[in-house]
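The values are calculated or read from the model by the stated rules, or taken from the named source; none is laboratory data. The shown structure was predicted, so the numbers you read here are calculated from the model rather than taken from an experiment. Quick reminder, even Gly has a Cβ in these numbers, built from the backbone with ideal geometry, and neighbours come from all protein chains shown. All accessible areas refer to the heavy atoms of the entire protein, side chains included, with ligands and DNA or RNA removed. Shrake-Rupley method; radii C 1.70, N 1.55, O 1.52, S 1.80 Å.
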Amino acid sequence: MSIESKQALLHRMVTPEHTCPWGVKALELLKQAGYQVEDHQLTTRGEVDAFMQDEGVQTTPQTYIDGQRVGGYEELVAFLGEK
């Protein structure tokens, strides 16, 4: 019996100066929902800025499921049907 695992890609800010609390919450929410998470930590301000510019977004974290951008934390909550 094979159970297909759910996969998610998460980009979140984790710098020496600041760990984004919304990124931590998004990671936990994905894990609680049964996703295997590929956790991409953006470790410098430059990485964060380049990611946001490349993806055309204004915030992190950003979650991708099945190759499609779900969005930030609030969009992830809505996607998963959480309150």
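Some notes on this structure:
- Over all pairs of different C-alpha atoms in the chain, the reciprocal of the mean inverse distance, the Kirkwood hydrodynamic radius, equals 13.0 Å.
- Furthest towards positive pole of dipole, THR43, TRP22, THR59, structure part the chain, Cβ charges: TRP22
- Point-charge dipole on Cβ atoms (K/R +1, D/E -1) for the chain, about Cα centre, debye to 20: 220
- Of the GluC sites (Glu not before Pro) found in the chain, those in coil by DSSP whose Cβ has at most 15 other Cβ atoms within 10 Å are GLU4, GLU17, GLU82.
- Per residue accessible area of the chain, 1.4 Å probe, in Å²: 67
- Carbon + sulfur, % of accessible area of the chain - ligands and nucleic acids excluded, 1.4 Å: 47
- Helix-only CD estimate at 222 nm, as mean residue ellipticity for the chain, using -39500 (n - 2.57) per DSSP H run (n ≥ 4): -11000 deg cm²/dmol
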